[in-house]
Amino acid sequence: MEWQLVPYAIPLFVGAALLIFTAFFALSRGSTLAAVFVAISNILLAVYVIGYAMELGQTTLQGVLFWARIESIGLATAPVAWFILILAYTDRRKLISTFNILLLSAVPVSTIIFAWTNQYHEWIWKDLSLERAGMVYLAAFKPGPWYWVNSTYTNLLVLLAIVLLARTYVRLPKLFRRQIIVLSTGLMAPVAMYVIYLIALAAGLPLPNVSWQAYAFIITALIISLGVLNYQLFDIGPVARDAIFDDMDDSVIVIDKRMRIIDINPAAESTLGCMRADVIGQNVENLSLGGEKGVLGKYFNSKETRDEFSIDGRVFDTSVSRLARKRGQSNGWLLVMRDITKRRQMEEEQRKLIAELQAASNKVKTLSGLLPICANCKKIRDDKGYWHSVEVYVRDHSNAEFSHGICPDCLKGLYPEFYEEEENNEETDGTT
């Protein structure tokens, strides 16, 4: 195979280098699922772009056909990687299963197989030949039936990805919306260029008969690079914003592994006195609570993961938990602030009540145990060995007070005259 450098190939090589750089740069900024698939898709696109650059420099039909087959590997599979990337970015990870990936890959794998066996059936390229246009040799062919199947499938995946992004756009904060615009623009570039290419062919416009779609992927790489550098694309990914998160009474703040706030719920907005759009992307240490900065940063710089603090007379129980990924890697933190003001007030009231009851209990004196009492005078001996009259002892060891009187038996023995008079009075009262 003979090859020569042509001007059309130079921007393709530059674009391929940019795609590869973007792939590794995305991975270096964070090994999230979205970053992994943007790296995969960019590598696959680079395979296609390099293959097409090499095809443009070929001078034989055999060489053109070989590199066209190489191109099919990247061109057929990259849209699937892009679609999975969008599923991951829009938090539809449940759909990313092995079965679904194999199902999505059915058409691309068939396309690659048909491309490498095209000479037997011509389902991809019919009547393939080599034409010279100036200093460039271009492949001339009629699209086979599977060529249109793959093209339709590719565009369908791209359009479906844009629909998913559009649905996510309406419910996300400002920063995430900018990210979605970047992603959508990047996805639309190859589709727009492909449509322009088909229109040019149909209208017979004097454009070089090259695949402008390959150059569109360079635009895609530039747009994605802009997103990575300026909008923290793939560093900060959107979090599912369902009713459970929004309706929680507890204040919740989601923080990525770079200590940046990536989401807060309405309860946190109320507690912090700020808007979600104003704090997304900020470092958590810059967050102000009750006019004081750095209050929350201490939870991430020490082993302490639970604490209480007060804001404007309200008490919050704060807990920090790691958002763990596979193999124990941390993907960020979840900070939850629960308003426990009423609970603390009730606990304080309960503490005061217990203290009052304890104080009252200390004042209460009770009699218990074995009491040594004199068999004759009935005095009682205390713990120190002193003898006291019954009334004195009982008074000192309880809250009882004595009032003195005389029982009938003692009255009869000591004062018989009063006893007889008392009896006569009772009999007289009984007969009247």
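Please pick out the residue among F21, F66, F25 that is in the same structural domain as I112 (by TED's automatic domain parsing), in contact with a helix residue (DSSP H, G or I) (Cβ under 7 Å, 6 or more places away or on another chain) and either in a helix (DSSP H, G or I) or hydrophobic (A, V, I, L, M, F, W, C) (or both). Steps first, please.
Details: F21 fails: in contact with a helix residue (DSSP H, G or I) (Cβ under 7 Å, 6 or more places away or on another chain); F66 fails: in contact with a helix residue (DSSP H, G or I) (Cβ under 7 Å, 6 or more places away or on another chain).
After ruling out the rest, the residue left standing is F25.
For A76, state whether it is in a helix (DSSP H, G or I) and touching a residue at least 60 places away in the same chain (Cβ under 8 Å). Explain how you work it out, then say what you get.
Values: in a helix (DSSP H, G or I): yes; touching a residue at least 60 places away in the same chain (Cβ under 8 Å): yes.
Judged against the criteria, A76 is a match.
For region 86-134, what are the residues that are among the aromatic types (F, W, Y) and under 21 Å from I73 (Cα atoms)?
Narrowing region 86-134 to residues among the aromatic types (F, W, Y): 89, 99, 114, 116, 120, 123, 125.
Across region 86-134, the qualifying residues are F99, F114, W116, Y120, W123, W125.
Give me the residue from region 103-160 that is in a strand (DSSP E or B) and either aromatic (F, W, Y) or not assigned by TED's automatic domain parsing to the domain that holds A192 (or both) and, out of that set, modelled with the lowest pLDDT. If you could, list the steps in order and put the result at the bottom.
First, pick out the residues of region 103-160 that are in a strand (DSSP E or B): 125-133, 136-143.
With the extra rule that they be either aromatic (F, W, Y) or not assigned by TED's automatic domain parsing to the domain that holds A192 (or both), the set shrinks to 125, 137, 141.
Numbers: W125: 88, Y137: 74, F141: 82.
The qualifying residue modelled with the lowest pLDDT is Y137.
Collect the residues in region 1-29 that are of a type outside the set (A, V, I, L, M, F, W, C) and farther than 16 Å from L222 by Cβ, keeping them in residue-number order. First the steps, then the outcome.
First, the residues of region 1-29 that are of a type outside the set (A, V, I, L, M, F, W, C): 2, 4, 7-8, 11, 15, 22, 28-29.
Scanning region 1-29 gives E2, Q4, P7, Y8, S28, R29.
Consider region 1-26. How many of its residues are modelled with pLDDT under 80 and within 40 Å of the chain's Cα centre (by Cα)?
1
If I filter region 82-97 for residues that are in contact with a helix residue (DSSP H, G or I) (Cβ under 7 Å, 6 or more places away or on another chain), of a type in the set (D, E) and touching a residue at least 60 places away in the same chain (Cβ under 8 Å), do I get at least one hit?
There is no residue in region 82-97 that is in contact with a helix residue (DSSP H, G or I) (Cβ under 7 Å, 6 or more places away or on another chain), of a type in the set (D, E) and touching a residue at least 60 places away in the same chain (Cβ under 8 Å).
The values are calculated or read from the model by the stated rules, or taken from the named source; none is laboratory data. Predicted model only: the values in this text are computed from it and were never measured. So basically every Cβ, Gly included, is an ideal-geometry build from the backbone, and we count neighbours across all protein chains shown.
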